[in-house]
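K.L.:
I am attaching a structure below and will ask some questions about it afterwards.
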Amino acid sequence: MKIEHKIYLSNSIHILLIVLIGLVALQNLNDILTKFRFTVIAEGLNATFLEMRLAEKNYFFYGDVETFNNIQSRIDQTNATLLEVRPDIIRAVGSAKFTKLQDYLHVYAQLIDSIRKENHRDVAAQKKLREAGQDLKTFSEDITALEIESIGALIVRSKNILRVSFLAVVLFAFLFSNLIVRNIGKSLRKVISLTRAISRGNYPKIKEQPSHDEMGEVINAINAMAEGLHNREKEIIQSKRLASIGVLVAGVAHELNNPLNNISMIAQTYTEVYDGLSKEQRIDFMEQIDEETERLRLIIHNLLDYAKPKEQHLSRADTNQVIKKTLSLVQNMLNISNIKITLALAEDLPDIYIDEHQIQQVLVNMATNAIQAMDQGGELRITTRYLPDDEKIEIEIGDNGKGIAPEFLDHIFDPFFTTKEEKGTGLGLWVSFGIIKNHQGNIRVTSQTGIGTTFTISLPSCHKLGVANC
Amino acid sequence: MTKHSIMVIDDEKIVGNMAKLTFEQDGYEVETFLNGESALARLTEKPFDIVITDLKMKGVDGLEVLRTVKKLYPGIKVIMITAFANLDVAIEALRDDVHDFFPKPVKIKELKASVKRALGEE
């Protein structure tokens, strides 16, 4: 169900609850009003009955016949009133009690009537009348008291109903919003972890069947986005690869043309100025040609070496051990260059699955670059860590050398790109990049001119690669 | 008659050295530079007749040398050489009024002929 619908449903249930509570409260108030009305009528009747009893006593004491007319008119008046408020009374006390009240009144009226007609003043008639009067009055007073009592009970019931319904509404609101919010929270947490993974360059998907609400739509959209980004990344890598072939070819042409031109110019000049050259100069010319030829040979050798598809000899390895072995290779260089090493190697690293020789080549390349960037000496920091979420290890190689200018930073992995004048072939980082990519890893670089450069290599753990017994 | 002067700029040292030898034998005065910055600095002190410059250099490159020379010393002829056989750059250089454009490896005879043309000696 959609969240929108859930909220509508929740609100509708709330409104229904409140209307129900209102109706019950209204019904109770009506009941109270009916009973209250009855008690007002009953008080009137009770007063009349009391007067009738007083008149009856007067007749027996003083024999005042006029009293009968007085009582009779009150009985008639009461009968009329009873007929008039009949529905009210029936509603309040029921028809049985109403009929009984009428019966009592009827008996009393008959007795009055017979006494008046026959002018009884004997004790038996007197007693009968007194009893009937007493019955009438007691019954009337009893039902009045009963009704007053039931008004009290009704008020207490209303109070209880209101209290319970108030609790029910609050509880329902709490439970329902909690239910909605908890589902949204769960989905949002999934979305957050997914976007974090995407920002780290992974493109996982939320695999659970998404719910049929708005959060489900969001998750579907994000899954689609992750897939789109992944495809885009593949395209970009492909187009970068093509561009880098172009850069490579142009670079190769330029690299070869320079020594070729040098040889050619030496040869042409040699012919032109031959007569004016001393023996030493001629030898020097030939030596220069030899040097340039050697330069060409080196370029071609490097190219072939890098172009050759290398067979990977993969095995399990301990990252920290690989780093230590590599450091022993460059230790001498570091000592000469007055560079201090600071190691911060994590102890909980899982094994990686690598061609150790190739990874050492990358690390030597990084160390060499760092050394060359710190010609006044400095500090080489090597840090390792494990990223359990991505099942990756990271090797961070940082220096406090001269740094790389921002405009060069995008090109340092391009073939033949170098900032090292004569010293660099411009192939080291390009090759390193290729090696790490072949290991399904990644290289990032951050640099600030005058502060230093940090390369971060990430490699999947052998467990992530699905290597047995990892 | 005063000697014509040639400035050669190339980060490949051999280019300067060879050009110096061969052009000096022909009676030119030659100064060589390994980068654009030092060459442009020298131009403020001494006027040259011809500037032969490499295109791709660290820092101030050949195109920048060409533009600066054409702006400050429009009388100086500029000849461009490059190991990049890239037509786009050649076209851009021509737009900026380069006298000649040679891809490496350079034929010294052609270079000499170009210098002579530039000086109006042919």
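K.L.:
So what are the ³J(HN,Hα) numbers for region A:346-351, from phi and the Karplus equation (6.51, -1.76, 1.60; θ = phi - 60°), rounded to whole Hz, Gly and Pro as x?
P.N.:
6, 8, 9, 6, x, 5
K.L.:
So, one more: Could you list B:Met57, A:Met265 in order of exposure, starting from the residue whose Cβ has the fewest other Cβ atoms within 10 Å?
P.N.:
Least to most surrounded, the residues fall as B:Met57, A:Met265.
K.L.:
Picking from B:Ile108, B:Val8, B:Leu63, whose Cα lies most toward the positive end of the charge dipole for region B:5-116 (charges on Cβ: Lys, Arg +1; Asp, Glu -1)?
P.N.:
Highest projection toward the positive end goes to B:Ile108.
K.L.:
Restricting to Cα pairs below 8 Å that are 6+ residues apart, what does the relative contact order work out to for region B:5-116? Please round to a whole percent.
P.N.:
22 percent
K.L.:
Give me a single rounded figure for B:99-106: the average over its residues of other chain Cβ atoms within 10 Å of their Cβ.
P.N.:
Neighbouring Cβ atoms belonging to other protein chains average 4 per residue here.
K.L.:
Then there's this: Can you compute 3J(HN,Hα) from phi for each residue in region A:67-77, using the Karplus curve 6.51 cos²θ - 1.76 cosθ + 1.60 with θ = phi - 60°, rounded to whole Hz and x for Gly and Pro?
P.N.:
4, 4, 4, 4, 4, 4, 5, 5, 4, 4, 4
K.L.:
Would you mind giving the three semi-axes, in whole Å and largest first, of the ellipsoid equivalent to the protein assembly as shown according to its Cα gyration tensor?
P.N.:
Taking √(5λ) for each Cα gyration eigenvalue gives 119, 29, 18 Å.
K.L.:
Relative to the first principal axis of the alpha-carbon coordinates of chain A, what is the inclination of helix A:356-373, with its axis defined by its Cα atoms, in degrees from 0 to 90 and to the nearest 10?
P.N.:
80 degrees
K.L.:
For the modelled label position 7 Å from the Cα of A:Asn335 along Cα-to-Cβ, which residues of region A:350-376 have backbone nitrogen atoms closer than 18 Å?
P.N.:
Hits in region A:350-376 for A:Asn335 at 18 Å: A:368, A:371.
K.L.:
Moving on to the next point. Among B:Thr44, B:Thr82, B:Thr53, which one shows the highest mean-square fluctuation when chain B is modelled as a Gaussian network with alpha-carbon springs under 10 Å?
P.N.:
Between B:Thr44, B:Thr82, B:Thr53, it is B:Thr44 that shows the largest mean-square fluctuation.
K.L.:
Can you give the calculated 222 nm mean residue ellipticity of the protein assembly as shown, where each DSSP H run of n ≥ 4 adds -39,500 (n - 2.57) and the sum is split over every residue, rounded to the nearest 500 deg cm²/dmol?
P.N.:
Value at 222 nm, helices only: -22500 deg cm²/dmol.
K.L.:
Would you mind checking B:Lys3/B:Lys71; B:Lys56/B:Lys77; B:Lys46/B:Lys104; A:Lys340/B:Lys13 for any pair whose Cα atoms are more than 30 angstrom apart?
P.N.:
Violating the 30 Å limit, Cα to Cα: A:Lys340/B:Lys13.
K.L.:
A:Arg189: net charge of surrounding residues, Cβ under 13 Å, Lys/Arg +1, Asp/Glu -1, itself excluded?
P.N.:
Once positives and negatives cancel, what remains is +3.
K.L.:
Using Cβ counts within 10 Å as a stand-in for footprinting exposure, how do A:Cys462, A:Cys470 rank, fewest first?
P.N.:
A:Cys470, A:Cys462
K.L.:
Would you tally the net charge around A:Met1, using a Cβ to Cβ cut-off of less than 14 Å, leaving A:Met1 out, and scoring K and R as +1, D and E as -1?
P.N.:
Overall, the nearby charge balance is -2.
K.L.:
Hey, can you rank B:23-36, A:7-20 by average C-beta count inside 10 Å, highest first?
P.N.:
B:23-36, A:7-20
K.L.:
Mind checking A:252-264 for the average number of partner chain beta-carbons within 10 Å of each residue's beta-carbon?
P.N.:
For peptide A:252-264, the averaged partner shielding equals 6.
K.L.:
Below 11 angstrom from the Cβ of A:Ala344, what's the summed charge of the other residues (Lys, Arg +1; Asp, Glu -1)?
P.N.:
0
K.L.:
Still on this structure, I have one more. I need the peptides A:170-176, B:2-8, A:365-371 ranked by packing, meaning the mean over residues of other C-beta atoms within 10 angstrom, with the highest value on top.
P.N.:
A:365-371, B:2-8, A:170-176
K.L.:
Output the relative contact order of region A:3-177, whole-number percent, from Cα pairs under 8 angstrom with separation of 6+ residues.
P.N.:
This gives 37 percent for region A:3-177.
Each value in this text was obtained by applying a stated rule to the coordinates, not by laboratory testing. It should be emphasised that the depicted structure is a prediction, and the values quoted were computed from it without experimental measurement. Every residue, glycine among them, receives a Cβ derived from its backbone with ideal geometry; neighbour counts consider all protein chains shown.
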